[in-house]
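Below: one structure, written as structure tokens.
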Amino acid sequence: MTTGLWIVLDHIVALLTTATWFTAGVTLALRRTRLALAGLVAAVLVTLVRVVTVAILAGRGWWFVQEKVLLGLPMLAVAGTGAVLVAGPRLLPARHGRGDGTSAGGVVAVLTAAYAALAGLVVTVLVGYPLTAGTALITISLVCAGALLTARVAVPSGRAQPGSGGGEHSPSSLAGSTADAGMAQAPEGRHGISRRRFIGWTGGAAMVTAAGAGVGLSFLPTGSVTTGGGAGRSSRAGVSVADLRGPGEPAPGGTVRRHVLTATKATVRLPSRREIDAWTYNGKVPGPAITATQGDLIEVRLRNADIEGGVTLHWHGYDVPCGEDGVPGVTQMAVRPGEEFVHRFRADQVGTYWYHTHHASHIGVRKGLYGTLVVHPRDGQRAQTAAERVDLTLPVHTFDGTVVIGGSDGRTERAASPGTPVRLRLINTDSYPHRIVLAGTAFRVAAVDGRDLNQPGEVSDVGLRLSAGGRYDLVFAMPDTPVALVVDDDREGALRLLPHGGANRDARVGDTSALPELDLLRYGVPAAAPFDTRKADRHFTMVLDRGVAMVDGRPAYAHTVNGRGHPSIPDQLVAHGDIVRFTVVNRSLETHPWHLHGHSVLILSRDGTPSTGSPLWMDTFDVRPGETWEVAFRATNPGIWMNHCHNLPHAHQGMMLRLRYDGVTTPFGGSPGAASGHGH
Ligand SMILES: [Cu+2]
């Protein structure tokens, strides 16, 4: 069973634990002794099951259980044991009709266990990883406060409960279950009342103090930088990202590819003929396709006509100099209406990439501010003319719930002569993964995220999972029968390649939903890595979760990294030349496509299982619920780089931080949120 499923199961068991303890407490209060006894037994059993689920999760990684092991379970163990010891001895004889089985003390003790179970669950859901002393203090205080308040309600003003009768329902037994076991022997009457009041007041005061201390601890400032085990900031003179710009000339033999991209609102007609209000580059969605040959200089003049909040151009997966990276507030200011920004960079990397706005990108990209970037190799591999091959760049984008493959031009059928080499360049421009099936032919995954794989084998009848922001280049020779590119198992909406003069144009595509998923960590042939992957000069762990955290200065139910939201997540400091390792752990129930700007990372392992296929270099890798990924890269592109979830709403809700090279500074505010509202 996957760790993700164990996380879900553990949540369910935690919920059941809470429910059974509350059931036991409430039935006890209602004097339904048989039910209460059954409830108590069930609560204990479910709690033991919880111990098992937590133990199994602990085996998957400390990150998954830290708050449960350090706080949730110990709290529940103490309260639950107390509840059994206080309520059990009266409930057992009541089963045979001896006594009514209930005591105020028992009710308070069992309900306190219920509060402890609930508190543990709430800490997991609202706080997650890592547990802090502040959170622990606040939580324990709240559970104790709940116990005290329950005691007040259960036995008002120190009198025995009406109708309870007998010494076993005296205030003393109640007190015995709360703060001070010695109270069980407290004499009744005025002295007992005042002493209990005294304990109530002092207990209350202690709790308020502890809770206050907890809140105070939560607001302690934390470091703004983590070093991953490497050296801290040096005092050497800084270079500004504003000076980390691309060259002005192409490589020898290259040309300059000039484009003007004007960001503007436009009405765009989808293939379904539906019209949508889009945000576009040059009135089209996707924006102009930018292509180049290796060594060319790409020069793009971005203008903003009427996107009020501002726009930028970020070159996704392309390791441009940092000043060209298009992150508002970090590498430049957002481009406001009437303004412009000129990007220049050398097309040194071959492959399939894309560009998009990085300003309020969770809105802008969804509405259409994106386009494709394809760089062809300069060498002789392009001997075939365009007429002799089919090379399709196919961004997959969802507009108002409709998935569009390859842009809005509406062509869902293309022709190809049998035998023609075909390359399909798939780009996921959405915030969620897509499932890709190529039906009707065997094929190879030639490249992932623009980087060629080593000896990719031929596959067929497999599903490919394409992460948000990710790219696959699929290659095959056109057969003499139709080929269908099916996205998310929607056979109706498939893109079809039809053989010139071929028969059976309408060949049916079978059900694709049951096809197994190709595991890229076991695809292709291994090759040497360009650096020693066993070594790391710096190692950063990012635990992804949900929780209450500050995001852009406001409290939110955020998507967090190590319990914090942007921009309060410490910067990761690296030095030029470092081998850097990331451990990315997903504790949450959602997939997080992790994306580092300015570098591609080499995938080392997933859930502790090393990658055994081709070296797999990615700029965006899907970390699914419960997964742990180890990746590494060499820090050779100085700058301040965003390191974030490419589910763009997640990034907007906090899941974003910076990787900062020692000595690099920014004059633009230092945070995408700081420059101009929500900058990401
Ligand atoms: Cu995410």
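The values are calculated or read from the model by the stated rules, or taken from the named source; none is laboratory data. These numbers were taken from a predicted model, which means no experiment stands behind them. When we count neighbours, we look across all protein chains shown, and the Cβ atoms used for this are built from the backbone with ideal geometry, even at glycine. With ligands, DNA and RNA removed, areas are computed over all heavy atoms of the protein, side chains included. Shrake-Rupley method; radii C 1.70, N 1.55, O 1.52, S 1.80 Å.
Quick one: if the Förster radius is 22 Å, what FRET efficiency do K535 and D348 give, using the C-beta to C-beta distance and rounding to 0.05?
Working from the Cβ atoms, E equals 0.25.
So what's the angle, to the nearest 10 degrees on a 0 to 90 scale, between helix 133-154 and the longest Cα principal axis of the chain?
That helix lies at roughly 40 degrees to the long axis.
Tally up the carbon and sulfur contribution to the accessible surface of segment 212-332 as a whole percent, 1.4 Å probe, everything protein left in place.
53
So, for segment 78-160, what is the accessible surface per residue at a probe of 1.4 Å, expressed in square angstrom?
Per-residue value: 41 Å².
For V327, which sequence-distant residues (separation of 5 or more, or a different chain) have an amide H within less than 5 Å of its own amide H, given hydrogens modelled in the peptide plane?
Result for V327 returns Q332.
D100's amide H: which non-local residues (gap 5+, or another chain) put their own amide H closer than 5 Å, with H modeled 1.01 Å from N in plane and none for Pro or chain starts?
The list, which skips near neighbours in sequence, is empty: none.
Could you check how much of the accessible area of segment 4-143 is carbon and sulfur, as a whole percent, using a 1.4 Å probe?
Whole-percent figure for carbon plus sulfur exposure: 78.
Return the sequence-ordered ³J(HN,Hα) values of segment 596-608 in whole Hz as given by the Karplus equation 6.51 cos²θ - 1.76 cosθ + 1.60 applied to θ = phi - 60°, using x for Gly and Pro.
9, 6, x, 8, 9, 10, 8, 7, 9, 7, 10, 6, x
Subtract the Cα-Cα distance of L126 and I12 from 0.36 nm times their separation in residues, and report this length gain in nm to one decimal.
39.5 nm
May I ask you to derive the FRET efficiency for L518 and T636 from their Cβ-Cβ distance with R0 = 22 Å, giving the value to the nearest 0.05?
About 0.10, to the nearest 0.05.
Please work out the average accessible area per residue across segment 517-664, using the 1.4 Å probe convention, and give it in Å².
So segment 517-664 comes to 31 Å² accessible per residue, rounded to a whole number.
Which whole-angstrom value gives the distance between the alpha carbon centres of segment 322-350 and segment 597-664?
Distance between centres, Cα-based: 21 Å.
Expected output is a single nm value to one decimal: the length gained when fully extending between A58 and A77, i.e. 0.36 nm times separation in residues minus the C-alpha distance. What is it?
5.1 nm
Quick one: which residues, 5 or more positions from S611 or on another chain, have an amide H under 5 Å from its amide H? H modelled 1.01 Å from N in the peptide plane, none for Pro or chain starts.
Counting only residues 5 or more places away or on other chains, the set is S605, R606.
Before rounding to the nearest 500, sum -39500 (n - 2.57) across all DSSP H runs of length at least 4 in the chain and divide by the residue total; then give [θ] at 222 nm in deg cm²/dmol.
Mean residue ellipticity, 222 nm, calculated: -8500 deg cm²/dmol.
As an exercise, use a Förster radius of 51 Å and the Cβ-Cβ distance of L589 and R98 to find the FRET efficiency, rounded to the nearest 0.05.
Taking R0 as 51 Å, the efficiency between L589 and R98 is 0.60.
Just want the answer: with Cβ charges of +1 for Lys and Arg and -1 for Asp and Glu, which residue in S467, Y557, L520 is farthest toward the dipole's positive end in segment 461-581?
Working it through, the farthest residue towards the positive pole turns out to be Y557.
With θ taken as phi - 60° and the coefficients 6.51, -1.76 and 1.60, list the Karplus ³J(HN,Hα) couplings across segment 245-251 in order, rounded to whole Hz; mark glycine and proline as x.
Values per residue, Gly and Pro as x: 10, x, x, x, 10, x, 5 Hz.
Which of the peptides 56-64, 239-247 is most tightly packed, and how do the rest follow, going by the mean number of other Cβ atoms within 10 Å of each residue?
Sorting 56-64, 239-247 by mean packing, highest first, produces 56-64, 239-247.
Please list 3J(HN,Hα) in residue order for segment 232-244, calculated via the Karplus relation 6.51 cos²θ - 1.76 cosθ + 1.60 where θ = phi - 60°; whole Hz, with x for glycine and proline.
Taking θ as phi minus 60°, the curve returns x, 4, 8, 9, 6, 4, x, 10, 8, 4, 4, 9, 8 Hz for segment 232-244.
Over segment 201-273, give the accessible area per residue in Å² for a 1.4 Å probe, as an integer.
Spelled out: the 1.4 Å probe surface of segment 201-273, per residue, equals 63 Å².
Does anything in segment 444-470 have its amide N under 15 Å from the 7 Å Cα→Cβ label point of V403, and if so which residues?
462-470
With all protein chains present, how much of the accessible area of segment 540-680 (probe radius 1.4 Å) comes from carbon and sulfur, to the nearest whole percent?
53
Taking 0.36 nm per intervening residue step and subtracting the Cα-Cα distance, what contour gain separates F219 from T202 on full extension?
3.5 nm
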